[in-house]
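**Q** Take a look at this one; I'll ask things after.
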Amino acid sequence: MSNDKYIGVTTGTIATACSVAATESILNSSDIDCVKVETPKKTLDILIDNCKKLSSNSACAVAHKNSYNDPDVTVGLAIVATVELFEKTGNGDVVTITGGEGVGKITKPGLQIPVGEYAINPVPRKMIKKNLENILPDDKVAKVTISIPEGRKIAKKTMNPKLGIVDGISVIGTTGIARSMSSEAYKNSIVTQIDVALALNLDNLVFVPGNIGEKLALKQLNITKQHIIQTGNYIGFMFEEAKKRGIDKFTFFGHIGKLIKVAGGIFNTKHAIADGRKEIMITHAGICGADTLTLRKLYYSKTTEDMLDILDEKKLHLKVCNSIALAIKERCIQRFELDLNVILVDMEGNYLNDNFERFLL
């Protein structure tokens, strides 16, 4: 495995490595401290923390995800594979896979795994099967149980509860390799919210930037958590994915400090990538009749909330916020052909514009 601090491995790769180590321990009765794992991208050498034979036909192995430069809640997490070998008696699967403690179970439709199954995604399942089939004797079949002892606790820090994955985390990965700040991995995780909502036949979806937006939306709107889709900073990506899935109209709800960026055509709202909040606010204030002194005050203000206070003094608050909401709507029509119901709020959830549909109130 590369020493590049920006590259790690997925939970699926670690689960596969532990499965291989446990199987080799049964077959060879030897201590295993490193195994080779074939991933969709390349063959990796994965270190094993501990491997022990439990009986003549069973063994378990433990390994963990090494740290890399990424805010991944599963870094350092121990993953366990218990393997049992049996005599082959028919033409069924050579390798069967199930979950144990700390691996979540699917309770809602719309995900890659059917309801009732353990949340071990398709690619990790294929990796485990392929790697074990390469080393299993022709007369043997294997049952693999993946466990993640800290999975229940870690799951609270993930999107799993919202997606209906209960009692643990998911074993994921599409390439076997995790890269620092992997936008693709994050996008793959958040887009599943849309699939679950569609599978549940929900109408009146509400897209929000994050946890604050969700909390305020639940407070202000007549909806449930299932109606809320969190976009993170990838607003443009999520809108595009919604359109691909046939969703043409929904509510875009959130704090003005985040949503205002979309009015300027900024669809990845991560601060390090683009900001422009001040400039956008000044532009709309000017359009709405603010004088030069007011525009100057806006320019030297520190936060969006400060700018709103300045506009309040000039009784321009509502007019400017309506202008910003309309600009957001127009940007999304132009780029995605989406008809958005835009609701801007402050940190307490107070409505800042009034040019929105009120069917959710």
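**Q** So what's the angle, to the nearest 10 degrees on a 0 to 90 scale, between helix 11-28 and the longest Cα principal axis of the chain?
**A** 0 degrees
**Q** Given charges of +1 on the Cβ of Lys and Arg and -1 on the Cβ of Asp and Glu, with all other atoms neutral, how large is the dipole of the chain about its Cα centre, in debye to the nearest 20?
**A** Roughly 420 debye, rounded to the nearest 20.
**Q** Still on this structure, I have one more. Ordered by residue, what ³J(HN,Hα) values in Hz, to whole numbers, does segment 122-128 give under the Karplus form 6.51 cos²θ - 1.76 cosθ + 1.60, where θ = phi - 60° and Gly and Pro are x?
**A** x, 5, x, 4, 5, 4, 4
**Q** Using unit Cβ charges (K, R positive; D, E negative) and no other charged atoms, how large, in debye to the nearest 20, is the dipole of segment 50-145 about its Cα centre?
**A** 60 debye
**Q** Mind scanning LYS108/LYS219; LYS157/LYS329; LYS302/LYS329; LYS187/LYS225; LYS261/LYS297 and naming the pairs with a C-alpha gap bigger than 30 Å?
**A** Too far apart for the 30 Å limit: LYS157/LYS329.
**Q** In what sequence do MET238, MET159, MET127, MET347 fall when counting other Cβ within 10 Å, fewest first?
**A** Exposure proxy ranking, most exposed first: MET347, MET159, MET238, MET127.
**Q** Please determine, in degrees from 0 to 90 and to the nearest 10, the orientation of helix 211-220 with respect to the longest principal axis defined by the Cα atoms of the chain, where the helix direction is its Cα long axis.
**A** The two axes meet at around 60 degrees.
**Q** Please build a GNM for the chain, connecting alpha carbons under 10 Å apart, and tell me which residue among ASP195, ASP138, ASP248 fluctuates the most.
**A** Comparing ASP195, ASP138, ASP248 in the GNM, the peak value goes to ASP138.
**Q** Here's something else I'd like to know. At a threshold of 8 angstrom on Cα-Cα distance, excluding pairs fewer than six apart, so keeping six or more, what relative contact order does the chain reach in percent?
**A** Relative CO of the chain lands at 14 percent.
**Q** How big is the gap, in Å, between the Cα center of segment 252-294 and the Cα center of segment 109-146?
**A** Each part's Cα centre sits 48 Å from the other's.
**Q** Moving to a separate point now. Once amide H atoms are placed 1.01 Å from N in the peptide plane, what residues at a sequence separation of 5 or more from THR231, or on another chain, have their amide H within under 5 Å of its amide H?
**A** VAL208, GLY210
**Q** When the chain is treated as a GNM, springs tying every alpha-carbon pair under 10 Å, which of ALA78, ALA21, ALA274 comes out with the largest mean-square fluctuation?
**A** Judging by the Gaussian network model, the answer is ALA274.
Since every read-out is calculated from the coordinates, none of them should be taken as a lab result. Bear in mind the structure is a predicted one, so any value in this text is a computation, not a measurement. Quick reminder, even Gly has a Cβ in these numbers, built from the backbone with ideal geometry, and neighbours come from all protein chains shown.
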